[in-house]
1. So the check is Cβ under 6 Å with 6+ separation or different chains; which pairs have a first residue in segment 157-181 that's in the same structural domain as Glu196 (by TED's automatic domain parsing) and surrounded by fewer than 23 Cβ atoms within 10 Å (Cβ to Cβ) and a second one that's of a type in the set (D, E, K, R) and not in a helix (DSSP H, G or I)?
2. Which pairs do you get when a residue that is of a type in the set (Phe, Trp, Tyr), found in segment 127-146, comes within reach of a residue that is assigned to a helix (DSSP H, G or I), reach meaning Cβ atoms under 6 angstrom, with the pair 6+ apart or on two chains?
3. Anything in segment 261-271 that is within 21 Å of the chain's Cα centre (by Cα) and either surrounded by fewer than 16 Cβ atoms within 10 Å (Cβ to Cβ) or not hydrophobic (A, V, I, L, M, F, W, C) (or both)? List them, or say none.
4. Exactly one of these conditions fails for Phe58: (1) within 30 Å of Ile85 (Cβ to Cβ); (2) free of Cβ contacts under 8 Å to residues at least 40 places away in the same chain; (3) surrounded by 15 or more Cβ atoms within 10 Å (Cβ to Cβ). Give me its number.
5. Going through Leu112, Leu72 one at a time, which residue ends up being more than 30 Å from Glu28 (Cα to Cα) and among the hydrophobic types (A, V, I, L, M, F, W, C)?
6. Test Ser8 against the criterion of being within 28 Å of Thr147 (Cα to Cα) and in contact with a Ser or Thr (Cβ under 8 Å, 6 or more places away or on another chain), and give yes or no.
7. Which of the residues spanning segment 21-47 are of a type outside the set (Phe, Trp, Tyr), under 22 Å from the mean Cα position of the chain (by Cα) and over 22 Å from Ala172 (Cβ atoms)?
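The values are calculated or read from the model by the stated rules, or taken from the named source; none is laboratory data. Here the structure is a predicted model, which is why all the values come from computation and not from measurement. All Cβ positions, even for glycine, are placed from backbone atoms using ideal geometry, and neighbour counts span all protein chains on display.
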Amino acid sequence: MRHLLKLSDLSRDELFDLLYLADKLKSEKKAGLKRRYLDGKTLGMIFTKSSTRTRVSFEVGMYELGGSAIFLSSVNTQMGRGEPIEDTARVLSRYLDGIMIRTYEQKEVEALAKYGSIPIINGLTDYCHPCQVLADLMTIREYKGTTKDKKLCYIGDGNNMANSLIVGGIKAGMEVAIACPKNHMPDKDTMDWARENGKFLCTENIKDAAKDADVLYTDVFASMGQESEAKERMSEFQSYQINEEVTSFAKDDAIVLHCLPAHRGEEITAEVLEKHADEIFEQAENRLHAQKAVLVTLMG
């Protein structure tokens, strides 16, 4: 494992190695152990999309591991003035020990890995969100004991979260069901892979997808960059809300997850979110531990 560009690049063993390491790092933090796995190392963090959890968790993670992080906004660097990504990759590789990038196009992440000589971490693209799903799987293991033979149901837009949950869930031994409108389905190649490699369903029918689920999951209806579509999407997605009726289709002890930020009253009701706040905010915390595992694996 040289980079984390997308979960489909990882073997099942590599995926579980990251999850086991994340558990270990979380335990060490809770026990007050401070081990400087990345002493003297520096992570560059490139942002062309705004962020709360990604920036704070990576910056804190590097600090806790004994390293440092540098925030690089496209507005305040030469990338904002048109410097090619391949030149940026070559230059930053001579200063840094690793790069995390949160951007729109997957090809930018792939180009950094191609032209750079240091580890590249995908902090989010419009295609996938691998770091989030590592935290999600970590949370499912904490609440359910295992991912094996558990059912994960995602309801909403077939976006980057859906793409990564499909791959991560199936690699972790889960059954994955997606409920979304027919015009907003996940990536076709990802779904084809899922049908060949695991138990997978994509349907417009929420009840079919949520039936006997161990985990219900949702995301906002309009992601960053889709603000102009928000009104239209609200109309298309209004029936794809996780509410009390939808939770009744799942198992009685099902957990509810949300990658945040949440729009209460849209993709999830305030009542359901608050009822499942413990697991949702544990999931948010686990971004820190899962990403520390990625950092140690790639840069340690």
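1. Listed by first residue and then by second, the contacts come to Gly173/Lys148; Glu175/Lys151; Glu175/Lys199.
2. Taking only residues 6 or more apart or on different chains, the pairs are Tyr127/Gln106; Tyr127/Asn160; Tyr143/Glu279.
3. Across segment 261-271, the qualifying residues are Pro261, His263, Arg264, Glu266, Glu267.
4. Result: Phe58 fails condition (2) only.
5. Leu112
6. Criteria met by Ser8.
7. Those that are of a type outside the set (Phe, Trp, Tyr), under 22 Å from the mean Cα position of the chain (by Cα) and over 22 Å from Ala172 (Cβ atoms): Lys29, Leu43, Gly44, Met45, Ile46.
Condition check ((1) among the hydroxyl-bearing types (Ser, Thr, Tyr); (2) touching a residue at least 12 places away in the same chain (Cβ under 8 Å); (3) farther than 25 Å from Glu142 by Cα) across all residues:
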{"residue": "Leu7", "(1), (2), (3)": "no, yes, no"}
{"residue": "Leu15", "(1), (2), (3)": "no, yes, no"}
{"residue": "Ala22", "(1), (2), (3)": "no, yes, no"}
{"residue": "Leu38", "(1), (2), (3)": "no, yes, yes"}
{"residue": "Glu64", "(1), (2), (3)": "no, yes, no"}
{"residue": "Tyr95", "(1), (2), (3)": "yes, yes, yes"}
{"residue": "Glu105", "(1), (2), (3)": "no, yes, yes"}
{"residue": "Glu110", "(1), (2), (3)": "no, yes, yes"}
